[in-house]
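The values are calculated or read from the model by the stated rules, or taken from the named source; none is laboratory data. Source: prediction; values computed, not measured. In this analysis, Cβ positions are derived from the backbone assuming ideal geometry, glycine residues included, and neighbour counts consider all displayed protein chains. In case anyone asks, the SASA skips ligands and DNA or RNA and just uses the protein heavy atoms, side chains included. Shrake-Rupley method; radii C 1.70, N 1.55, O 1.52, S 1.80 Å.
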Amino acid sequence: MATSTLSTVPVAIDEFSTFKSKDPFRQQNLPVTSTTAGSGGTTTTGSGGTTTTAGTGSTTTTTGGGTTATTHPSDVTTPIHSLKILSIDEVNGEPVVTFEVDGVIYEDKQVGDVVSTSWGQIEVVDIDADAQTVTFLHGSETRTLTVGEEFLK
């Protein structure tokens, strides 16, 4: 007759054994590798083919995957919603942004923070303290604004 033995040795958890889903609408952050200034605009190229061009009146961001997001100044005369960057500061060595959505102020938000507003959820995607710009994800749209700039919809 065959005998069997049971072992109660714990098995180590493999870091690849857990699955994390990814949001298909969220752009991946890529580090900036160079910045050059031209007449009327600034072009910043990051690793992986990310190009950001800021000229007079608009900002266009193109990533290596072919995704393009453009932010234009608003021509809205009677806004329903507003998003305004009030300031970029530093807390514990990390950049933070204070912004206003529809008259409500959200203070000291870091990259990755998501706030629920009257306009929907807004995520802080990137804060560039040197350039004084912040990139937000609102729904499937990204908006890059500078300090003092307001987006109206």
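Just a few scattered comments:
- When each of V91, V104 is tested for being within 23 Å of P79 (Cα to Cα), without any contact (Cβ under 8 Å) to a residue 60 or more places away in the chain, out of contact with any Pro (no Cβ under 9 Å at 6 or more places or on another chain) and surrounded by fewer than 16 Cβ atoms within 10 Å (Cβ to Cβ), the lone residue that passes is V104.
- Total residues in region 110-138 satisfying the condition of being part of a strand (DSSP E or B) and open to solvent by less than 50 Å² (accessible area, probe 1.4 Å): the figure is 14.
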